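A.B. asks: Before anything else, here's the structure in question.
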Amino acid sequence: EQRKMRRTAPRSTLRKIIKKYKPQLRLAANADLLVHLNFLLFLHRLAEEARTNAFQNKSKIIKPEHTISAAKVL
């Protein structure tokens, strides 16, 4: 018998993870957790890409143009 993988993550597990690692986030009871997680992942990828752009430009400071060019890539 082949078991099907659940297509959605358990909401209670996601809430526990967010509460543990991002306690400053206050989520409404009906909040769509996957939207919040996708947004946090996007911000993380944006920050990584902006840091890479700054490094390639030999800049010690991440400037707005680094972030804008990273957003265009993502």
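The values are calculated or read from the model by the stated rules, or taken from the named source; none is laboratory data. Please read all numbers here as calculations on a predicted model, not as lab measurements. For neighbour counting, all protein chains shown are included, and Cβ atoms are generated from backbone atoms with ideal geometry for every residue, glycine included.
A.B. asks: Residue check: is ILE18 part of a helix (DSSP H, G or I) and surrounded by 14 or more Cβ atoms within 10 Å (Cβ to Cβ)? Break it down stepwise before answering.
C.D. replies: Numbers: part of a helix (DSSP H, G or I): yes; surrounded by 14 or more Cβ atoms within 10 Å (Cβ to Cβ): yes.
So ILE18 fits the description; yes.
A.B. asks: Okay, moving on. What number of residues in the stretch 25-68 are of a type in the set (Ser, Thr, Tyr) and under 16 Å from the mean Cα position of the chain (by Cα)?
C.D. replies: Of all residues in the stretch 25-68, those of a type in the set (Ser, Thr, Tyr) come to 52, 59, 67.
Adding the requirement that they be under 16 Å from the mean Cα position of the chain (by Cα) leaves 67.
Counting residues in the stretch 25-68 that are of a type in the set (Ser, Thr, Tyr) and under 16 Å from the mean Cα position of the chain (by Cα) gives 1.
Table: residues versus (1) modelled with pLDDT under 75; (2) in contact with a Leu (Cβ under 9 Å, 6 or more places away or on another chain).
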site	(1), (2)
ARG7	yes, no
LYS16	no, no
PRO23	no, no
ASN30	yes, no
VAL35	no, no
LEU43	no, no
GLU49	no, yes
PHE55	no, no
LYS58	no, no
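A.B. asks: Look at GLN2 and say whether it is loosely packed, with under 10 Cβ neighbours inside 10 Å, modelled with pLDDT of 75 or more and out of contact with any Ser or Thr (no Cβ under 9 Å at 6 or more places or on another chain).
C.D. replies: On the way: loosely packed, with under 10 Cβ neighbours inside 10 Å: yes; modelled with pLDDT of 75 or more: no; out of contact with any Ser or Thr (no Cβ under 9 Å at 6 or more places or on another chain): yes.
No, not satisfied.
A.B. asks: Moving to a separate point now. Answer yes if at least one residue in the stretch 38-47 is among the charged types (D, E, K, R) and either in a helix (DSSP H, G or I) or under 30 Å from ARG15 (Cα atoms) (or both), and no otherwise.
C.D. replies: Initial filter on the stretch 38-47 (among the charged types (D, E, K, R)): 45.
With the extra rule that they be either in a helix (DSSP H, G or I) or under 30 Å from ARG15 (Cα atoms) (or both), the set shrinks to 45.
Yes, because at least one residue in the stretch 38-47 is among the charged types (D, E, K, R) and either in a helix (DSSP H, G or I) or under 30 Å from ARG15 (Cα atoms) (or both).
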